[in-house]
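These notes are about the structure you will find just below.
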Amino acid sequence: MANNKGAKKRIRQNAKRRLENRYYAKTMRNAVRKIRAMKDKNEAEKELPKVISIIDKVAKRNQIHTNKASNNKSKLRKFVNAL
């Protein structure tokens, strides 16, 4: 266990950041699922920029690799265009 002030503070910071990171990652996954479940092209086209923005934010935070973000965005665009 931590035995100095700095280590205790680091533990608190890590716990807080972990919760925030889990929130952003889960939000991204849910947004992608939401788009994939859509059947209406117009509705999906309206939601696509929001989802792409969320994916970019998660990639910027280094929670997913930038290449994975690009692959996700590309696949979503293909899916929406094919509707």
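Where a number appears in this text, it was derived from the coordinates with a stated rule and is not lab data. This structure is a prediction, so every number in the text was calculated from the model and none was measured. Heads up, the Cβs are rebuilt from the backbone with ideal geometry, glycines too, and the neighbour counts pull from every protein chain shown.
A few comments on the model shown:
- Point-charge dipole on Cβ atoms (K/R +1, D/E -1) for the chain, about Cα centre, debye to 20: 560
- Amide proton proximity set for residue 61, modelled H, under 5 Å, gap of 5+: none
- Based on the convex hull around the alpha carbon atoms, the chain presents an average projected area of 6.2 nm².
- Charge-dipole axis of the chain as Lys and Arg at +1 and Asp and Glu at -1 on Cβ define it, positive-most pick from 37, 82, 25: 25
- Remark: relative contact order (the chain) = 31 percent; criterion is Cα-Cα distance under 8 angstrom and separation of 6 or more residues.
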